[in-house]
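Notes to accompany the following structure.
The values are calculated or read from the model by the stated rules, or taken from the named source; none is laboratory data. Predicted, not measured: the structure shown is a model, and the values here were computed from it. Methodologically, a virtual Cβ is constructed for each residue, glycine included, from the backbone with ideal geometry; neighbour enumeration extends over all protein chains shown. With ligands, DNA and RNA removed, areas are computed over all heavy atoms of the protein, side chains included. Shrake-Rupley method; radii C 1.70, N 1.55, O 1.52, S 1.80 Å.
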Amino acid sequence: MNKWSIFSRTIVLGVAPAIFMLLALTGFFIHEKFDTLQQQLNRKGELLVQQLGPASEYAVFIKNPSLLEEIVTPVLNESDVVFVEFYDRDNELLLSRRNLTLIDELEELEISNFSSEIELQDVPLESSDLSLSLAGPSEQSPNKIIGRIHLGLTNKQLLANQMDSIMGGILIGLASLLLAAGLALLIARSILKPVKSLSETVKLFKSGILSARVTEYSGGELGILESNINEMAKTLEQAKRRELEHAMVLEQARSDAVEASKAKSKFLAQMSYEMREPMNAAMGSLQLLEASVQASKLRSYVENSLVASTKLIELVDNILDYAQLENNAVELSPSYFDPSRMLQRCTAPFIAMATKKNIDTHVHANEIFNDFLIYADEYQFQKIITHLLSDSFKNTENGTIEVKLAGKLTESADKIFLVLEVIDSGCGYSADKLGKIFHSFGVAHDVHKPYQSNAGLGLAIAKKLTDCMKGTIEVSSAPDQGTRFKLEFVFKVQPQEKIEAKLPPSDSRAPSISGRILVVENNAIDQMVTKDMLNNIGATVDTAISGKIALEKIRQNDYQLIIADANISDLSILELIQRIRAFERAKNQQIPILIFTADVHVSDWHDFLKAGANDFLVKPIEMTALWQKAEQLMLPQESR
């Protein structure tokens, strides 16, 4: 019943008592009617025999059946009289008559018998003797009974009347039931209509339409409920409006924050670019000075200046990388590469530091990488390893640093489960610092503790880049027991072609180059520094301060290498590359093009290569890196 609707419950509540009252009252009415009809039949029978007694007194007294026949004939005309019989004093039958219309039904009829004695009536005398007439009634004498009457009445009419009573009772009951049902239906609808209106309005509330209102049909409790729901809807609508206004304010604040963050990233990128330009001239000059200075003290000053400049550039790069990661602005550019060779390139810059700090360095790469290339962003992966190695070399002295690269193919052999470990025996981290080393500035300087050089960004960048590449990074450490970083990735792989590896030279000795190089640079200092760097290895160098001058010189001379800055004044670098390549196609030759750029966006580097450049270097330019690139690009094409 708990699952019944309000309409069903109301109908049942209205009709059930009506049915009960119908059955009770109809039963009582019919019962009383039956009793009344039965009493009427009994009274009729008694009345008939009482009336026939005096009427038939004389005929019975003289025993005259003819007279009795005249008396009985009208009585037998009654439809419920079955028979009439007269007996004399001696109980002899004087007359017996049957109702001929009921002869065929006698066996089926139920007959009620009535009888009465026929008495000889006293006749008062017409006498003036008051004593005779005023005398009290004399005692009944048996001699006064002169006969007896038997009368039979059928219940046929009684049954018919009873049936009529039943039908009447049923009709009255049905009419009452219909009235009760109609009244219950009317009440149910009057209750259901506001309840349904309430339900539909609540559904609208649920769907978020708080402007809906309940039509107030009713009075009483339902009317109060309708009014309260409307008031509640009004309150909710106002609250939602305030919430939307608050959400709009928050969204605007978020949008402003995003725009501010983008502006910050753009500002940092621009500042990085602006800093790299003068730093390129400064560091280039220092490198040239380092190569020419013989005095050990002056050479030490130059080396310290180069180290400080390199750290400044690293700090700028880290700030820019972190800002881009915070804004989810880093776009991965995956390609297939050899992770073992990439690992050698990552560890090569730390060889000098390892020697200076007396650190024994071990690099192990699984043999599986001799057969497979992995598909990932090599540049960002190299950044992760570099930041981990930087942390290990910072915390280690007179110890060991071990780099392990392992891999296992999946069952389908199209992916590899790669594990990279960087383990050092340095000073390690305490438990409180260990939980914060991946936070920006998580291990910042504390004036109460010994100073450790740390910008607080390297490990945070490594963690965010690992997340971007859908990898995991774990760290375990303890004070004076070293630190262990473990990274896990899943990369696609493809078989590696067996070709002879051409690794760049591992030392910084100057190569010897014979050939003609064109340097396109509109900054006079950078132009001079680049020219001197290349002159030191035997190259003949021409310069051009604009793209148009460079194109003119290319038409007039044969060059084995073109080095161009990405920011020449009269042409875009992409247009310059394309015009050089178009000129070469006409002469059926190809000159290697090396781009210098202060831009740190990977997408721009790819644009250089797509336009036709052979390679690029990011400012500030390291002299040894320039020598290696120049030597590599000036080799015959089949030997590169």
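Applying the criterion of being among the small types (Gly, Ala, Ser) and not in a helix (DSSP H, G or I) to the residues of segment 568-591, the residue that is modelled with the lowest pLDDT is Ser569.
This table checks each residue for (1) among the acidic types (Asp, Glu); (2) over 30 Å from Glu117 (Cα atoms); (3) open to solvent by 30 Å² or more (accessible area, probe 1.4 Å).
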{"site": "Pro17", "(1), (2), (3)": "no, yes, yes"}
{"site": "Leu22", "(1), (2), (3)": "no, yes, yes"}
{"site": "His31", "(1), (2), (3)": "no, yes, yes"}
{"site": "Gln40", "(1), (2), (3)": "no, no, yes"}
{"site": "Leu52", "(1), (2), (3)": "no, no, no"}
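Beta carbons closer than 7 Å, at least 6 apart along the sequence or on distinct chains, pair a first residue in segment 428-448 that is closer than 21 Å to Leu389 by Cβ and at pLDDT 75 or above with a second that is open to solvent by 90 Å² or more (accessible area, probe 1.4 Å) and assigned to a loop (DSSP other than H, G, I, E, B) for Gly428/Asp480; Gly428/Gln481. Screening Ser96, Ser66, Ser115 for residues that are open to solvent by 30 Å² or more (accessible area, probe 1.4 Å), hydroxyl-bearing (Ser, Thr, Tyr) and in contact with a Phe, Trp or Tyr (Cβ under 9 Å, 6 or more places away or on another chain) leaves exactly one candidate, Ser96.
Comparison of Leu159, Leu171, Leu198 shows that the only residue that is assigned to a helix (DSSP H, G or I), under 30 Å from Trp4 (Cα atoms) and out of contact with any Lys or Arg (no Cβ under 8 Å at 6 or more places or on another chain) is Leu198. Scanning segment 551-576 for residues that are without any contact (Cβ under 8 Å) to a residue 40 or more places away in the chain, surrounded by fewer than 21 Cβ atoms within 10 Å (Cβ to Cβ) and within 60 Å of the chain's Cα centre (by Cα) turns up Asp570, Leu571, Ser572, Leu574, Glu575. Each residue in segment 150-179 was checked for being over 60 Å from the mean Cα position of the chain (by Cα), surrounded by fewer than 18 Cβ atoms within 10 Å (Cβ to Cβ) and hydrophobic (A, V, I, L, M, F, W, C), and 8 pass.
Conditions tested, residue by residue: (1) touching an Asp or Glu at 6+ places or on another chain (Cβ under 6 Å); (2) β-branched (Val, Ile, Thr); (3) in a helix (DSSP H, G or I).
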{"site": "Leu47", "(1), (2), (3)": "no, no, yes"}
{"site": "Gln50", "(1), (2), (3)": "no, no, yes"}
{"site": "Gly53", "(1), (2), (3)": "no, no, yes"}
{"site": "Tyr58", "(1), (2), (3)": "no, no, yes"}
{"site": "Leu67", "(1), (2), (3)": "no, no, yes"}
{"site": "Ile71", "(1), (2), (3)": "no, yes, yes"}
{"site": "Val75", "(1), (2), (3)": "no, yes, yes"}
{"site": "Leu94", "(1), (2), (3)": "yes, no, no"}
{"site": "Arg97", "(1), (2), (3)": "no, no, no"}
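For segment 181-220, a residue qualifies if it is open to solvent by 60 Å² or more (accessible area, probe 1.4 Å), modelled with pLDDT under 80 and over 17 Å from Thr10 (Cα atoms), and the qualifying residues are Thr215, Glu216, Tyr217.
Cβ-Cβ contacts under 7 Å between residues 6 or more apart (or on different chains), taken from a first residue in segment 609-621 that is under 20 Å from Asn280 (Cβ atoms) to a second residue that is of a type in the set (Asp, Glu), are listed as Lys619/Glu277. Among residues of segment 494-519 being modelled with pLDDT of 80 or more and of a type in the set (Val, Ile, Thr), the one that is farthest from Lys531 (Cα to Cα) is Ile513. Of the strands (runs of 3 or more DSSP E) lying entirely inside segment 352-418, those containing at least 3 residues that are closer than 18 Å to Thr466 by Cα are 372-376, 400-409. Within segment 525-550, take every residue that is more than 24 Å from Leu574 (Cβ to Cβ) and surrounded by fewer than 16 Cβ atoms within 10 Å (Cβ to Cβ) and give me the one that is nearest to the chain's Cα centre (by Cα). Ranking the candidates gives Ile525 first. Look at (1) in contact with a Gly (Cβ under 7 Å, 6 or more places away or on another chain); (2) on the phi < 0 side of the Ramachandran plot; (3) buried (at least 17 other Cβ atoms within 10 Å of the Cβ) and you find that Gly399 fails only one, number (3). Of all the criteria given as (1) of a type in the set (Ser, Thr, Tyr); (2) modelled with pLDDT under 90; (3) touching a Pro at 6+ places or on another chain (Cβ under 8 Å), the one not satisfied by Ser453 is (3).
Scanning segment 233-277 for residues that are surrounded by 13 or more Cβ atoms within 10 Å (Cβ to Cβ) and of a type in the set (Ser, Thr, Tyr), we see that the one that is modelled with the highest pLDDT is Ser261. For segment 577-591, filtering for residues that are within 53 Å of the chain's Cα centre (by Cα) and buried (at least 21 other Cβ atoms within 10 Å of the Cβ) leaves 1. Pairs are defined by a Cβ separation below 6 Å, a sequence spacing of at least 6 or placement on different chains, a first member in segment 470-497 that is in contact (Cβ under 8 Å) with a residue 60 or more places away in the chain and more than 21 Å from Ile359 (Cβ to Cβ), and a second member that is surrounded by fewer than 19 Cβ atoms within 10 Å (Cβ to Cβ) and of a type in the set (S, T, N, Q); the pairs so defined are Glu488/Thr472.
Scanning segment 592-618 for residues that are open to solvent by less than 50 Å² (accessible area, probe 1.4 Å), at pLDDT 85 or above and part of a loop (DSSP other than H, G, I, E, B) gives Pro592, Gly612, Ala613. Only one entry in Val84, Val60, Val72 is within 22 Å of Ile118 (Cβ to Cβ), surrounded by 14 or more Cβ atoms within 10 Å (Cβ to Cβ) and modelled with pLDDT under 85, namely Val60.
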